[in-house]
Structure formats: C-alpha cells, structure tokens
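What follows is a short report on a single structure.
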Amino acid sequence: MTEALYGDDGFYLAAGTPARHFRTAAHASPLWGRAIGVLAARIDSALREPADFTIVDVGAGGGELLAQLATSAPARWRLIGVDHAPRPAALPSRVEWIAKPPRAVRGVLLACELLDVVPVDVVELTDAGPRLVAVARDGRESLAGAPEPDDLAWLDQWWPLADVGDRAEIGTSRDRVWRDLCGCVTAGVAVAIDYASAPSRDVAGTLTGYRDGRQVLPVPDGSCDLTAHVRIDSLATAGDVTLSQRDGLRMLGTAARPPSYGGDPTAYVAELSAAGEAAELLDPNGLGGFTWLLHPQDVNVDDVLNVDWS
Ligand SMILES: C[S@@+](CC[C@H](N)C(=O)[O-])C[C@H]1O[C@@H](n2cnc3c(N)ncnc32)[C@H](O)[C@@H]1O
C-alpha cells in the first residue's frame, strides 16, 4: 500500500492531484474553506494573535484550502502545505510547501482526509485467529501470517472481530502518525477530519479504491487511491473533542437556508447555489457525516466552537 500510494510511480506522485479522482470537502465548496478560516480566526484570538500564528495543512493535496485562505487570511498568518506530492503549480506565493510537518506550530494543524490514506494492514478472522490479508499487484488475495502482538492488542481494544471471515483494518499506523502530528502543536489545535469506521457496521472492512471519480477495486498497482475509514476513537486522548463535520460547520456559521427572492435575479441564483453547496457539506449521509477530532493545546475548544455542551 505504501509503494502503491507513495512510491516513485505511486498514485499520489504520478496520477495528478486528488481532485481529478475524488471529491473532498475542499473541492465541494469554498464555504468549507471559509468555515476553516473562521475556526482558525477563533483559535488565533484565543491565543491572543501571536506574531507566528500558522495554519499547517498536512496532506494538502491540490492546495485548494490554502489557495483560498491565501486570499482572505491576515497577512500575519503563515500558511504551510505539507505533502509528499510536489507543490501545485498555481498555488499563491505566500503559501509555503514542504514535505514534512514543521515542529513547534502555534496555530492550527489540519489533517483533512489524510489519515484514511495512511497505509494500514487488513486482517481477516480465521479459525486460527486473525491473519494478515496479502494482496498481489493484480488484486489477488491470500491470507498470510498473524499480526504483530501490538497490532493484535490494538484489534482487541478497538476493532474486535466476531465471526470467521470478518475483516478489520489495524489502526496502529494511523495512531502513530496522528500522535506525531499532535506533538507538532505547541499551542493551538490539531484537527483531523475523516470518515470514521464503525466495527459493528463495517464487518467486511472499509478498504476501497478510487480512480477518475469512480470507486474501484483496491488494487495496489499505483493506478488508484487506496483508502480505508479511520478508527477515530483510537486516536482520541483525554481533553479531545469529537463531533460531526455537520455540527462543526454549523457552529462555524455554515447554513443551508434557501434564500428568499429580493428582486435581484443574479444575487438570488448565487445565494441558491451557495445554499446547495452548504447542503452538500452538511449532508449527514455525505460530507456532513465525516468526523472532526480536535486536539487542543492550551486552548479551550468549547470556547473556540462557541458551544455549551450542558
Ligand atoms: C486524500 S488526499 C486529501 C487532500 C486534501 N487534504 C483534501 O482534503 O482535499 C490525501 C493527501 O495526503 C497526502 N499524504 C498522505 N500521507 C502523507 C504524509 N505522511 N505526509 C504528507 N502528506 C501525506 C497525499 O499525498 C495526498 O495528497
């Protein structure tokens, strides 16, 4: 999976930017970027507007979010994209682009649809216990050895397999990546946004492929994206806040109210179109059903989201 996604001929280095192959919130509407900008502004204010306030977008893909923020964010903010893939050609010059996350970030570190493409091992329950699933480049599957002890412990805790034939994706690699990213934030909030796996629902696992806008068999030959939902609960630590993207966006001012006609047809069409985009972002069965995990460092997330949980 690592070679197929990030090797020299891997999908993310050779197949063009993600927007060519699948649709994320960043591609769906600028309303999403606007909401992330509002979140960042509230965190900036909670940190008392430090001179080095920074937004780091890890797994920035085509740089859509940062390109949008470059036109609206205060000049004081640093904007940094991190990706294995090269810098997108049309990215505004104020956006920095690097291959590894910076240390000591004061601000927001965002990982949107990053963890679902961090390579995972797939296991299947057999009569002899969980066995790794090996997949050849042509897609043929076979069962291999038992997982390592720490992976078995992870399965016991986060994705217990009930019946022979059930499958799971082992999340230890994602837990490690997320822990490292959280460690980069000295003050502010690390935010992971991804579709969460649910072991009781996802008994066949969630690994799948995408190419040119279509869902395809997850064949590890570099021709398609390979993605699996994220076991968000195993990432969370004490003090973190988890909520749906729908709730998060609504707390940041995104609303899908149909406009009333005020006599200006052009304005009406624009408002109608924005309401349609907001509805797509908020759809609980689509992008709104993604999960936000917020890991604060010296910031009160409830204040940032303006939320009273009582
Ligand atoms: C599914 S795309 C999401 C792109 C963008 N965040 C969005 O929401 O449209 C995932 C991106 O993460 C990048 N990526 C995956 N693992 C990475 C890592 N460890 N460090 C930097 N970038 C990574 C991939 O190259 C790819 O561009």
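The values are calculated or read from the model by the stated rules, or taken from the named source; none is laboratory data. Since the structure is predicted, the reported quantities are computational estimates derived from the model, not experimental observations. Quick reminder, even Gly has a Cβ in these numbers, built from the backbone with ideal geometry, and neighbours come from all protein chains shown. These accessible areas exclude ligands, DNA and RNA; they are computed on the full protein's heavy atoms, side chains included. Shrake-Rupley method; radii C 1.70, N 1.55, O 1.52, S 1.80 Å.
Annotations
- Modelled spin labels at T237 and D8, positioned 7 Å past Cα toward Cβ, are 3.8 nm from each other.
- Dipole of region 228-310 [Lys/Arg +1, Asp/Glu -1 at C-beta], most positive-end residue of P258, V241, N306: P258
- Remark: spin-label model distance R23-Q157 equals 3.8 nm, labels positioned 7 Å along the Cα→Cβ axis.
- Against the chain, whose longest principal axis is taken from its Cα atoms, helix 149-158 shows a tilt of about 60°.
- Helix 172-183 vs. the chain, principal-axis angle (Cα, 0 to 90°, nearest 10): 30 degrees
- Rounded percent of accessible protein surface that carbon and sulfur make up, region 231-289, 1.4 Å probe: 52 percent
- Sorted peptide list for 26-36, 220-230, 260-270, criterion being average Cβ within 10 angstrom, highest first: 220-230, 26-36, 260-270
- Rg over Rh, two decimals, region 21-158 (C-alpha only, Kirkwood Rh): 1.12
- Whether region 234-295 is rounded, prolate or oblate, judged on the alpha carbon gyration tensor where a/c under 1.5 counts as rounded: prolate
- Convex hull volume per residue in cubic angstrom - Cα atoms of region 1-99: 105 Å³
- Looking at the chain, the accessible area is 48 square angstrom per residue; that uses a 1.4 Å probe and ignores ligands, DNA and RNA.
- Geometric descriptor of the chain, per residue, is 153 Å³ (volume of the convex hull of the Cα atoms).
- Ordering of 104-112, 246-254 by packing is 104-112, 246-254, highest average first (other Cβ atoms within 10 Å, averaged per residue).
- Along principal axes, Cα extents of region 88-212, largest first, whole Å: 56, 34, 25
- Computed FRET value (nearest 0.05) for R179 with Y261, which takes r as the C-beta separation and R₀ as 51 Å: 0.50
- Rounded to whole Å, the principal axis extents of the Cα atoms in region 175-248 read 40, 28, 23, largest first.
- Accessible carbon and sulfur surface of region 99-153 relative to its total accessible area, %, 1.4 Å: 52 percent
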